[in-house]
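**Student:** First the structure, which I've put down as structure tokens, then a few questions once you've had a look.
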Amino acid sequence: MKNTYSLLIVTTLLFSALLSDCSGATRLDGSAWQLITLNGKKLPIYIQISLEFKDGQAGGKAPCNGYGAGYTQKGSTLTFEPAISTLMYCDGVMEYESEYLAAFGAVKSFALENDQLSLLDESGAVVLAFDKPQAPVLEGSSWQVTQVGDTSVPETMEITLSFRDGEISGRAACNSYFASYSQQAKQLTFGAAGATKMFCNEAGVMEMETAFLNSLAQVRSFEIQMGGLVLLDGEGAAVIYLRP
């Protein structure tokens with residue numbers, strides 16, 4: 001019985017060693033994260049950056065491009081190889097992406113506390129702080145509609161959408177409008193929209209307004225993509241594109 005008990009203790013210790021290295025630092029392999037601060041600055045809602053560690057590779061989605069790099073973890077030390085990324089350009093987010101990749105390359109160690117991952121540079125300063133992945137909260141955000149269905153909104157036409165206190169409101173090309181909204185994670189629905197009753201004579205304005213208000217009723221979910229908000233219907237097809 002004594003030998004069996006001793007074997008159980010040894011087995012338990014060996015299993016624990018697989019989960020943590022000799023310094024007690026948690027292994028990052030298999031974990032996934034979402035950036036919450038960049039060099040101490042909180043990110044706007046349209047900047048979404050992910051990071052995943054798997055099989056010696058680290059990477060994810062920056063505001064515009066996908067990126068990846070090999071990584072080495074020894075205890076709480078952590079270094080990344082030079083990152084490679086796709087080469088798309090997205091208006092309004094490239095400065096964030098460049099700053100993120102520069103901070104990513106400067107990482108020398110990490111700390112993990114209360115399910116928050118902090119990546120530190122050589123001086124010990126936190127350059128990147130991550131939380132567990134979660135859906136963005138739209139409440140309090142404001143957007144400019146750039147496309148409805150397959151039709152781009154002309155620069156001379158204004159369509160806006162703001163989320164405030166459980167309602168959306170804005171300008172719909174000609175009239176002001178409002179509606180209730182409900183968000184659960186990435187699921188999103190709008191109540192029946194009300195609007196003022198003006199008529200605008202400019203070519204295409206009323207048609208665009210009607211298309212926009214009708215599209216709101218089709219929305220069932222959303223994504224933040226390339227620094228913009230995309231509203232999707234029940235089939236996952238994009239019906240409205242917006243920019244901050």
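The values are calculated or read from the model by the stated rules, or taken from the named source; none is laboratory data. Keep in mind that this is a model prediction, so the values were computed, not measured. All Cβ positions, glycine included, derive from the backbone under ideal geometry; neighbour counts span all protein chains shown. For accessibility, only protein heavy atoms count, side chains too; no ligands or nucleic acids. Shrake-Rupley method; radii C 1.70, N 1.55, O 1.52, S 1.80 Å.
**Student:** Within segment 92-196, what whole-number % of the accessible surface is contributed by carbon and sulfur, with the 1.4 Å probe and all protein chains included in the calculation?
**Tutor:** Summing carbon and sulfur atoms, their accessible area is 45 percent of the total for segment 92-196.
**Student:** Compute the angle between helix 205-216 and the longest alpha-carbon principal axis of the chain, please, reported from 0 to 90 degrees and rounded to the nearest 10.
**Tutor:** 40 degrees
**Student:** Could you look at segment 44-84 and say what percent of its accessible area is carbon and sulfur, using a 1.4 Å probe and all protein chains?
**Tutor:** Looking at segment 44-84 in its full context, I get 54 percent from C and S.
**Student:** Using amide H atoms built in the peptide plane, which far-off residues or other-chain residues are under 5 Å from SER221 H to H?
**Tutor:** For SER221, whose amide H was placed from the backbone, the distant partners under 5 Å are LEU188, LEU232.
**Student:** Work through the residues other than TYR241 whose Cβ is under 12 Å from its Cβ and net out their charges, Lys, Arg +1 and Asp, Glu -1.
**Tutor:** -1
**Student:** At a Cα cut-off below 28 Å, give the lysines reachable from LYS54, other chains included and same-chain residues fewer than 8 away excluded.
**Tutor:** By straight Cα distance, LYS54 reaches LYS41, LYS42, LYS74, LYS108, LYS132, LYS186.
**Student:** How much area per residue is accessible in the chain when the probe is 1.4 Å and only protein heavy atoms are counted (Å²)?
**Tutor:** Roughly 56 Å² per residue, with all protein chains present.
**Student:** Could you point to the label whose value was computed as Rg and Dmax of the Cα atoms in Å for the structure here, given (i) 19.2, 66; (ii) 22.8, 79; (iii) 23.6, 92?
**Tutor:** Given (i) 19.2, 66; (ii) 22.8, 79; (iii) 23.6, 92, the calculated one carries the label (iii).
**Student:** Divide by every residue of the chain the summed helix terms, -39500 (n - 2.57) for each DSSP H run of at least 4, and state the resulting mean residue ellipticity at 222 nm, rounded to the nearest 500 deg cm²/dmol.
**Tutor:** -5500 deg cm²/dmol, from helical runs alone.
**Student:** Same structure again: Could you rank SER215, SER169 by how accessible they are, 1.4 Å probe, largest area first?
**Tutor:** Output order, biggest surface exposure first: SER169, SER215.
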